[in-house]
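The values are calculated or read from the model by the stated rules, or taken from the named source; none is laboratory data. Just so it is clear, the structure is predicted and the values come from calculations on it, not from any experiment. Please note: Cβ atoms are built from the backbone with ideal geometry, for glycine as well, and neighbour counts cover all protein chains shown. The protein model used for the area step is the full one, side chains on, heavy atoms only, and it has no ligands, DNA or RNA in it. Shrake-Rupley method; radii C 1.70, N 1.55, O 1.52, S 1.80 Å.
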Amino acid sequence: MASASALPRLDGWAPTSPTAGFGLVDVTLQAGIQFHHNSGAYGGKLLPETLGSGCAFLDYDGDGWQDIILINGMDWPGHKRQRTTLRLYRNNRNGTFSDVTRKAGLDVEVYGMGVAVGDYNNDGFPDILVTSVGQNRLFRNTGKGTFLEVTRSSGLAGRQGFSTSALWFDFDRDGLLDLFVCNYVKWSPEHDVFCSLDAKHKSYCTPEAYRGETCWLFRNRGDGTFEDVTAKSGLFDSSSKSLGAAIVDYDRDGWPDLLVANDTQPNKLYRNMHDGTFKDVAVEAGIAFSAEGKARAGMGVDVADFNNSGTVGVAITNFDNEMTGLYRAVGNGIYEDVSMQAGIGLASKNSLGFGCAFLDGNLDGALDLLVANGHIDETVRNIRGNVGYAQPPQFFLNDGKGKFRDVASELGTEFNQPKVGRGLAYGDFDRDGDLDILMTTNNGPAFLFRNDQSSGNKSIRFRLVGTKSNHDAIGAAVRIFHGGGAQLRLVKSGSSYLSQSELPVTFGLGRQDGIERAVINWPSGRVEEFKSLAAGRTYECVEGKGITPLTGF
Amino acid sequence: MLRFHAPGRSPTAGLILGLIITLAAVVAYSWYITRQISGLRELQNDLVDRNRKDSLQLLRIQNDLNSLGLAMRDMLDNDEPYPLTAWSAQFQRIRSDLDDALRREEQLAVARQTPEQKQVLRNSLAQFWDAVDRMFLLAQNGKEKDARAQIRLSLQARQAALSTAVSRLMVQNSESEEQAALRIRQIYDRVQHQVYVLLSATLIAIFLTSVYLIRSNRRLFAQLAALSEQRSELAQKLISTQESTLRYISRELHDEFGQILTAIGSMLSRAGNQSPEGSPIRTELREVCEIAQNTLENVRSLSQALHPVMLDESGLESTLDWYIPMVERQTGIAISYKKIGAPFPVNGNPAVHVYRVLQEALNNVARHSGAREALVRLQFLADTLQLEVEDHGSGFVAHSSKQGIGLVAMRERAELLRGAIEFLKPPEGGTLVRLRIPRDMPDSHVT
């Protein structure tokens, strides 16, 4: 990665130490999170069983502390054994969480897959969309610690599908969050296809066996209802088998574009044409296929400026025997897969990646890549000896020069344990300035890993509140400058797989005590600049109203 | 070095001819192979690679047509809540990919497809898209039913026809690929055949040249051996003539002149005794008598030097005992002489040859080496007699060119005795002459 290595080094920023500089401690039980995903598997090997489910960090009560939502499946009709629902955990601000699912009115039984969190009615409290096999559910946050299901009244009802990832974004820039939902394939329990790895036992199918299903785009009318603009916007595509989605302004025109990872189908990069329509430019951009021209099994996706170049790159996790794609923007809206050069390609070849996220684990100023791995079939080891069903996650530490190294084994034994990983999100739940990890497993527990820094690196965080823009400021870009170097973070919904990370953005500063300036590009088009900010705290920026340092993070 | 004119032809011309033939065959074959390979490469580039790329584009076209088929099926299924116009973006995407694939395919298939074929495909596609546009127009105007009918009646049939046409092209492609493979195989067969021919020709050329070379070599060696034999005989004759001449002269000197001088001496002595004492005649007679006595001594000594009678009478060992001190006196070189081992008698010709070798070696020391000291070792080993003459002078190599006939004679003498002679360089410098002869040496014909 020649150009990445030619990037200006940030003077005085801590170089990546030979050790990771941080650990990930399993605090799941200690934090009071007792969750077990129910895939509903009873032996029928129905396709959706192997794909769930997602998770998210969100601050549903607006107290500045990140809460947790974990999506759950349920037993199949005719195979009912237990009642399982999603779980909402409220942050007790002391390292523990309380299960407030019932109190919040979220104990609704649904075959859930993914989650997207966004304040679609701009009332200051994030609302929740749960995607599912069947009918997706929209829960409006009342602001009093409870949620109201508004699926029907919002106009989202009556749409059966096999929805996966979803995200909130303001594609028409009217200050209201619109909703994009991925669909996987046309599937119903009655039409589940018999697939087998060993020609004897039924196993989970790859999506070739099913017909694709279009993604959906719902425009927010601003009155609490949504209009299905899938067809009108040109996003309709009945061949897509979508699993992951991310917002990316790939042409840097201020209008959010959409990146969709498709399973065994070409990935889609929908360019926002500013008139409510989108045009697929994935083939031209070089992101539709692998370098060999093959459509890979795209799962999770994340976008970030991982080489501090000022441009946004892309990571897409793929099936085993297919490498994770790491795409670098090379200008003119073209991406180049640098996975091999970066040291991620071969390392990811024998794992099946789902959730993925760019985050600065050791706060050295270079974004690392975290991938949750796990196969879809427990009999895979019989067929491919070097690939297991449970697989350890991979934490690719960025050395700041374009090379990545998997340090998962150095971060903690529980973290490095093989898991059937699916969903993945990050957030600073303990408000110590570094990023903690939430990870779900298929038909298994969810994990909360606390980030414990030993590097001594400092960080700075920003919480954005939109006024003209949508309240969550989703789509905003925050840039910080120091010593000739710059870093970029995006406020985003979606990304990863079925999951969503916290909305505040975190910059690792290495040994620096502060930054020269921060520039915020709001979704509304407004640009604000703030000078001389000290490290070690979170700043709350309200669009057009200035910046307020909080005490600590 | 002896020069000679060999009987028969020199082998060089034959060898050069063989070499030229072989080289010509190799060059000709290389040219042939290069031509065949370039032909093969052309064939592979032009046909096989092109075909492969073309097939890939055809696959892409087929895939697009498939996608169109699936999209149309989805449209007819009517299980989406969207109007049929929703599919237009998807159709547009497939159309642009199809156009690109067709453009590439046409470039690749330029040699194979007839203009008519191309026209047929282009026309059917144009008709298809025309029908698609009409269908979407119907849908746009709210005539969904008519649009679906259009799909069922016209579009699906056209799509199937297109798919068949493309399949035909793919079959054609694979047929031409098979033909190319056949031609490639033929080329390989031809090349293989030529390899065998060249190999045989080269082997035959090498064989013939080798036979010729071996034969002429054998002849050369035979000639060399005969020459060597002749030379050896010549040298031996020379030596034996020299020895007999020397012996004859020595004997004549000793016997004839010795007798005469002895007689003259005693007569003079007698005449002196008879002449009056104190007379001048008596004094003169005594002087003449002394001269005769001296001359006798000199004649005897010369006779000894030419061929020591001692050699014939008392053998080698005694002769050396007498000879070496004499050389010391004559040349002024200090000779350290050692006898090692239990002596056994060495008489006759062997004694003569060993004596002559020693004489020549010491001559060389005196004349060429510049050394003032020499070592002579005579070793009586179990079945060998070894004579070593060593000096630490200027060395053998420095004056080898001057030794000429002396060295040859030494070698010949050693050979006559079935022994060996070596000229070595001792660690201290100078020359070491080592003669080894078997104990039961032949009493070879010297006389």
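The table below lists the values:
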quantity	calculated
Those residues of the stretch A:142-166 which are crowded, with 16+ Cβ neighbours inside 10 Å, of a type outside the set (Val, Ile, Thr) and either within 14 Å of chain B (Cβ to nearest Cβ) or in contact with a Leu (Cβ under 8 Å, 6 or more places away or on another chain) (or both), in sequence order	A:Phe147, A:Glu149, A:Ser154, A:Gly155, A:Leu156, A:Arg159, A:Gly161, A:Phe162, A:Ser165, A:Ala166
Selection count, the stretch A:237-270, where residues are closer than 18 Å to B:Asp64 by Cβ and within 11 Å of another protein chain (Cβ to nearest Cβ)	7
Qualifying position, being touching a helix residue (DSSP H, G or I) at 6+ places or on another chain (Cβ under 8 Å), part of a helix (DSSP H, G or I), within 14 Å of chain A (Cβ to nearest Cβ) and surrounded by 16 or more Cβ atoms within 10 Å (Cβ to Cβ), among B:Ala139, B:Ala86	B:Ala139
Odd one out for B:His193, checked against (1) under 24 Å from B:Lys53 (Cα atoms); (2) modelled with pLDDT of 85 or more	(1)
Subset of the stretch B:265-287 (residues that are open to solvent by 70 Å² or more (accessible area, probe 1.4 Å) and within 30 Å of B:Pro308 (Cα to Cα))	B:Met267, B:Glu287
Selection from the stretch A:414-446 of residues that are farther than 17 Å from A:Gly361 by Cα and of a type in the set (Ser, Thr, Tyr)	A:Thr440, A:Thr441
Matching residues in the stretch A:222-236 - criterion: being free of Cβ contacts under 8 Å to residues at least 24 places away in the same chain and away from chain B (no Cβ under 13 Å)	A:Asp223
Single match in A:Ala14, A:Ala4 (criterion: over 26 Å from A:Asp432 (Cβ atoms), at pLDDT below 95 and touching a Gly at 6+ places or on another chain (Cβ under 9 Å))	A:Ala4
Scan of the stretch B:64-83 for residues that are open to solvent by 20 Å² or more (accessible area, probe 1.4 Å), facing another protein chain (nearest Cβ under 8 Å) and part of a helix (DSSP H, G or I), ordered by number	B:Ser67, B:Leu70
Residue under evaluation A:Gly95, criteria (1) within 19 Å of the chain's Cα centre (by Cα); (2) among the small types (Gly, Ala, Ser); (3) open to solvent by 10 Å² or more (accessible area, probe 1.4 Å), criterion not met	(1)
Selection within the stretch A:238-256 - touching an Asp or Glu at 6+ places or on another chain (Cβ under 8 Å) and farther than 13 Å from A:His274 by Cα	A:Ser238, A:Ser240, A:Lys241, A:Ser242, A:Leu243, A:Ala246, A:Ile247, A:Val248, A:Tyr250
Any hit, the stretch B:106-126, residues being within 14 Å of another protein chain (Cβ to nearest Cβ), farther than 29 Å from A:Gly158 by Cβ and open to solvent by less than 70 Å² (accessible area, probe 1.4 Å)	no
Output for the stretch A:271-283, where each listed residue is within 10 Å of chain B (Cβ to nearest Cβ) and either under 16 Å from A:Ala231 (Cβ atoms) or in contact (Cβ under 8 Å) with a residue 24 or more places away in the chain (or both)	A:Thr277, A:Phe278, A:Lys279, A:Asp280
Residues located in the stretch A:195-221, provided they are more than 12 Å from chain B (Cβ to nearest Cβ) and of a type in the set (D, E, K, R)	A:Asp198, A:Lys200, A:Lys202, A:Glu208, A:Arg219, A:Arg221
Single residue of the stretch B:15-31 satisfying the filter (surrounded by fewer than 16 Cβ atoms within 10 Å (Cβ to Cβ) and not aliphatic (A, V, I, L, M)) that is farthest from B:Thr209 (Cα to Cα)	B:Trp31
Qualifying residue in the stretch B:96-103 (condition: outside any helix (DSSP H, G or I), surrounded by 16 or more Cβ atoms within 10 Å (Cβ to Cβ) and more than 12 Å from chain A (Cβ to nearest Cβ))	no
Answer from B:Ser266, B:Ser275 - the residue that is modelled with pLDDT under 85 and over 30 Å from B:Glu360 (Cβ atoms)	B:Ser275
Residue within the stretch B:298-318 that is within 48 Å of the chain's Cα centre (by Cα) and among the polar types (S, T, N, Q) present	no
